[in-house]
Protein chains: 2
Amino acid sequence: MMLDETHDPALESWVELAQAPDCEFPIQNLPLGIFKRRGHKEPARGGVAIGDQILDLVALDIRTGPTLNGLAAMGRSAARKMRRELSRALSVKSKQKKRLQKHLVPMKQGELFLPVAIGDYSDFFTGIHHATNMGRLFRPDNPLLPNYKWVPIGYHGRGSSIVVSGTAVRRPKGQLKAPDAAAPSFAASRRLDYEVELGFIAGAGNRLGQPIALRDALDHVFGVVLLNDWSARDIQAWEYQPLGPFLGKSFATTISPWVVTMDALEPYRCPAFARSSEDPQPLPYLLDEADQRDGGLAIEMEMHLRTPKMKTPQRLSRGNFRDSYWTVAQMVAHQTSNGCNLQPGDLLGSGTISGPAPDSFGSMMELTLAGKNPLQLASGETRSFLEDGDEVIQRGRCAREGYATIGFGEASGRIMPAASK
Amino acid sequence: MMLDETHDPALESWVELAQAPDCEFPIQNLPLGIFKRRGHKEPARGGVAIGDQILDLVALDIRTGPTLNGLAAMGRSAARKMRRELSRALSVKSKQKKRLQKHLVPMKQGELFLPVAIGDYSDFFTGIHHATNMGRLFRPDNPLLPNYKWVPIGYHGRGSSIVVSGTAVRRPKGQLKAPDAAAPSFAASRRLDYEVELGFIAGAGNRLGQPIALRDALDHVFGVVLLNDWSARDIQAWEYQPLGPFLGKSFATTISPWVVTMDALEPYRCPAFARSSEDPQPLPYLLDEADQRDGGLAIEMEMHLRTPKMKTPQRLSRGNFRDSYWTVAQMVAHQTSNGCNLQPGDLLGSGTISGPAPDSFGSMMELTLAGKNPLQLASGETRSFLEDGDEVIQRGRCAREGYATIGFGEASGRIMPAASK
């Protein structure tokens, strides 16, 4: 862990609501995003969330333009320096309060955008409980494939359809084929699901042909967002052999607007996944003592559902990224081990994170056993998969004794009916 | 077919070598690219290949900047108009010769770049002979999976590692596991292969949630390049279940620098793949009479190999895109059928195109039966897969009785040894 004065839990901000007990954005967090004032004709630009406000980064003479890619590209030491600067400027001891106040925009008046222009999006499969649950549906006796504990399995995802929280998601159409049907048909998906993931945003890139070593990997990560990898299970089931998921997932992926930086997450680092004595040791390029000791991240993730009949959302699951079989550093080292280049703003999804217990399962596929055991909701309704009008809301937070609790905001989306033609 | 005066085979250019019998870039071609003069400090910008020259598009007051994405975004009718303008300006009848001559750069002095900034790269699997050959290696009795003749199978590829012809390719390292080995090891790939493909560059995009109908699909394609989807077969074999190819292909993909526009290809349109009476009809969203009649493209593709011991390259295969099971329009309609958005500059690979005969197989995996029958080269050498120092050179051309013959230039790359650490 690399802690400094910015992580001091006693630190307070002159933005009063930053101290509210349930505030996701205390001065220890300082997540970055792209915003403008709703309804104003003005360019989108970088801001930092503090309490119930957004501080325009131009107040500190930081001109990001419409994405944070430039900040991401600067690398970890520049990010750390900027964090200290932001922390000092926003602390109760700051002498800049009067000047900076003019650059505050109430979060309620802010319109938030994708924080980065995403070049490539990879999605991993690091949730071993999820991989086991999904495998069990197809291969009850042998749920995990032989490569799972050796290879941080991943695939390339679709970048163009990544949207920011709040964007409505249209139910996709596609080829569907019931196992006993003679032929597929083209129709709206009937098995629309979400997946609870984290997204890691690449910072400084590497040159093509020059892998990033495991011990350097975290220097190439800018920060973390919540990620919902919407999935049409019926489209996916029929299309995915032999090349993997394609249209079953490429219709939309939702991320949260605030990038919680890797430095903000330092206090919540934890040991890597505890392998059993029967599990193989990672190969040397994926093994590093420091990474095993505290390369994990204890980030809690919740998924909530609000059907059109509900006044308040109902929580469906709560999981934790500490259940990931691979660390962020292992994902980065693996992704680049063949020389593949990361570019600032690239997105690396964790894959669905489920815990061992059913109330931590990160998809409806797992919660309902592929639709066989529908969820009984408090509203009296049932759900096997998502229905039109349903809104799902993903939240995240880090809490640790002796440190501030920080939040991730939310990644939400409501299902619109499929296109009529 | 939409033919106009630009396709007239009798048309000649005032650039003399454009009429040479083996010239790939006669006035009927007019492919677009991004270039600068080698060794000069000047910005890269758009040009058109004509004979042995590049005409700087600034001569016609077309300022592309460092990519052709802006031109691609304008759509097919603007592209058609520009083609006519270029054709007139370069024809022997042009009165602009004197003025334009100042904007010619000999191709030998030109440095060529990626023609577009590629957002998303999808790679299809439309070569039915390739799919059958590959499937037979794993499932001799049942080589094609049940979805193949219904779904234009594809997967998302890696965009960041797409390089332009001439870029050296470093042999990747990765996890390798022989079927009888107890555990994988991390080492340089021993089964490095190429794949002969075409790449279709998206023109005008579509909005997320709004599919492109089959009959409109070609309005969203800017042009075609050669594409070599380098593949490390041993990395791929161990990693690809259940999510598809990842590091086995993400280390490099080579494309040719000249975009042959869809309008240049009009004379070489041909019927879609002739399905047998036992093959299913495409589902309605993939079926259109006009597309069946002339949605195919007769583009010949060759792969050549030059080992360090050879003076001149040896041809390994010659195939034709008319053997693709799916048309370009079907690829575009399928890719967007779930609402996924295409953006100008996106790349859609065809997948490896092999014909029915062995001399048309588009990968070494097929030519050598997975390495079991090494190629006997004219130099006396043998090859199961590519060795360090080998250069592979992909070429393409369209020839049709009564029309000019046009070429694609080349997509070449030489293998560098794996990184030492």
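Under a point-charge model restricted to the Cβ atoms of Lys and Arg (+1) and Asp and Glu (-1), what is the dipole moment magnitude of chain A relative to its Cα centre, in debye to the nearest 20?
1320
Tell me, what is the percent relative contact order of the range B:353-421, built from C-alpha pairs under 8 Å that lie six or more residues apart?
21
How well do other chains shield peptide B:384-395, expressed as the mean number of their Cβ atoms within 10 Å of each residue Cβ?
If you average over the peptide's residues, the count of other-chain Cβ atoms is 0.
In the range B:121-416, if the dipole is taken from +1 on Lys/Arg beta carbons and -1 on Asp/Glu beta carbons about the Cα centre, which of B:Ser277, B:Met262, B:Val196 is farthest to the positive end?
Of the options given, the answer is B:Val196.
The range B:206-254 to the range B:117-147: how many Å between their Cα centroids?
12
From the label point of A:Pro308, set 7 Å along Cα to the beta carbon, how far off in nm is each other copy's matching point, shortest first?
7.0
Can you list the residues, at least 5 places off or on another chain, whose amide H is less than 5 Å from the amide H of A:Arg170, using H built in the peptide plane?
A:Met416
If you average the C-alpha positions of the range B:159-191 and of the range A:278-306 separately, how far apart do those two centres end up, in angstrom?
What the calculation gives is 25 Å, centre to centre.
In sequence order, what are the phi-derived ³J(HN,Hα) couplings for the range B:7-21 according to the Karplus relation 6.51 cos²θ - 1.76 cosθ + 1.60 with θ = phi - 60°, rounded to whole Hz, with x for glycine and proline?
9, 4, x, 7, 5, 10, 9, 6, 7, 4, 5, 5, 9, 4, x
If I take R0 = 60 Å and measure r between the Cβ atoms of A:Glu111 and B:Lys98 in this structure, what FRET efficiency does the formula 1/(1 + (r/R0)^6) give, to the nearest 0.05?
After rounding to 0.05, the efficiency reads 0.65.
Would you mind working out the magnitude of the charge dipole of the protein assembly as shown relative to its Cα centre, with +1 at each Lys and Arg C-beta and -1 at each Asp and Glu C-beta, to the nearest 20 Debye?
In debye, rounded to 20, the protein assembly as shown gives about 1960.
What are the label-to-label distances in nm, one decimal and shortest first, from B:Ala168 to the same spot in the other copies, with labels 7 Å along Cα to Cβ?
Once sorted, the set of distances for B:Ala168 reads 5.5 nm.
For the charge dipole of chain A, defined by +1 on Lys and Arg C-beta atoms and -1 on Asp and Glu C-beta atoms about the Cα centroid, which residue among A:Ser231, A:Ala290, A:Phe321 has the Cα displaced farthest towards the positive pole?
A:Ser231
What residues qualify as long-range amide H neighbours of B:Gly157, i.e. H under 5 Å apart, gap of 5 or more or another chain, H built at 1.01 Å from N?
Answer set, sorted by chain and number: B:Tyr121, B:Ser122, B:Asp123.
By the gyration tensor of its Cα atoms, with a ≥ b ≥ c the square roots of the eigenvalues, what is the shape of the range B:5-113: rounded for a/c under 1.5, prolate for a/b over b/c, or oblate?
Oblate is the answer for the range B:5-113, as a/c is 1.5 or above yet b/c matches or exceeds a/b.
Leaving out ligands and nucleic acids, note down the accessible area per residue over the protein assembly as shown with a 1.4 angstrom probe, in whole Å².
The answer is 39 Å² per residue.
Pop a pseudo-label 7 angstrom from the Cα along the beta-carbon direction at both A:Phe186 and B:Ser379 and give the gap in nm to one decimal.
4.9
Can you order the peptides A:138-144, B:379-385, A:299-305, A:264-270 by their average number of other Cβ atoms within 10 Å per residue, highest first?
By packing density, highest mean first, the sequence is A:299-305, A:264-270, B:379-385, A:138-144.
Taking amide H positions as placed 1.01 Å from N in the peptide plane, with prolines and chain starts having none, which residues 5 or more places from B:Gly75, or on another chain, fall under 5 Å of its amide H?
B:Ala204
For A:Ala399 and B:Leu144, what does the FRET efficiency come to when R0 = 35 Å and r is the distance between their Cβ atoms, rounded to the nearest 0.05?
0.10
Starting at the first residue of the range A:249-254, write each ³J(HN,Hα) from the Karplus equation 6.51 cos²θ - 1.76 cosθ + 1.60 with θ = phi - 60°, in whole Hz, x for Gly and Pro.
Residue by residue, the range A:249-254 yields 10, 7, 7, 5, 9, 9 Hz.
Given bins 10 angstrom wide, list per bin the percent of all Cα-Cα distances in the protein assembly as shown, short to long.
Pairs per bin, as whole percents: 2, 13, 22, 25, 20, 12, 5, 1, 0.
Quick check on chain A: what does the Kirkwood estimate of hydrodynamic radius come out to from the alpha carbon pairs, in Å?
Kirkwood radius, chain A: 22.0 Å.
At a probe of 1.4 Å, how much accessible area disappears from chains B and A on forming the pair, both sides counted, to the nearest 100 Å²?
5300
From the helices alone, meaning DSSP H stretches of at least four residues, give me the mean residue ellipticity at 222 nm for chain B, per-run term -39500 (n - 2.57), in deg cm²/dmol to the nearest 500.
For chain B, the value works out to -4000 deg cm²/dmol.
Among the trypsin sites (Lys or Arg not before Pro) within the range B:1-42, which fall in a DSSP loop and have no more than 11 other Cβ atoms within 10 Å of their own Cβ?
Qualifying residues, ordered by number: B:Arg38, B:Lys41.
Report ³J(HN,Hα) in whole Hz for each residue of the range A:302-313, in order, from the Karplus equation J = 6.51 cos²θ - 1.76 cosθ + 1.60 where θ = phi - 60°; Gly and Pro get x.
Values per residue, Gly and Pro as x: 10, 10, 10, 10, 10, 7, x, 8, 8, 7, 10, x Hz.
Under 27 Å between alpha carbons, and skipping anything fewer than 8 positions from B:Lys81 in its own chain: which lysines qualify?
Filter leaves B:Lys36, B:Lys93, B:Lys95, B:Lys97, B:Lys98, B:Lys102.
Can you compute the charge dipole magnitude of the range B:5-113 about its Cα centre, using +1 on each Lys and Arg Cβ and -1 on each Asp and Glu Cβ, nothing else charged? Give it in debye, rounded to the nearest 20.
So the dipole magnitude of the range B:5-113 works out to roughly 520 debye.
Which whole-number percent is the relative contact order of chain A (Cα, under 8 Å, 6+ apart)?
It comes to 22 percent, rounded to a whole number.
Would you mind pulling out the separation of the Cα centroids of the range B:65-105 and the range A:3-61, in Å?
Spelled out, the Cα-based centre of one part sits 50 Å from the other.
Only loop residues by DSSP count here, and only those with at most 13 other Cβ atoms within 10 Å; note down the trypsin sites (Lys or Arg not before Pro) in the range B:66-146 that meet that.
Counting only loop positions with at most 13 other Cβ atoms within 10 Å, the trypsin sites (Lys or Arg not before Pro) in the range B:66-146 are B:Lys93, B:Lys95, B:Lys102.
Using a 1.4 angstrom probe on protein heavy atoms only, which residues from the range B:108-133 are buried by at least 30 Å² of accessible area when all chains are present rather than their own chain alone?
B:Asp120, B:Phe125
The values are calculated or read from the model by the stated rules, or taken from the named source; none is laboratory data. The structure displayed is predicted, hence computed values, not measured ones. Because the Cβ atoms are built from the backbone with ideal geometry, glycine has one as well, and the counts that use them run over all protein chains shown. Quick note on the areas: whole protein, heavy atoms, side chains included, nothing else; ligands and nucleic acids left out. Shrake-Rupley method; radii C 1.70, N 1.55, O 1.52, S 1.80 Å.
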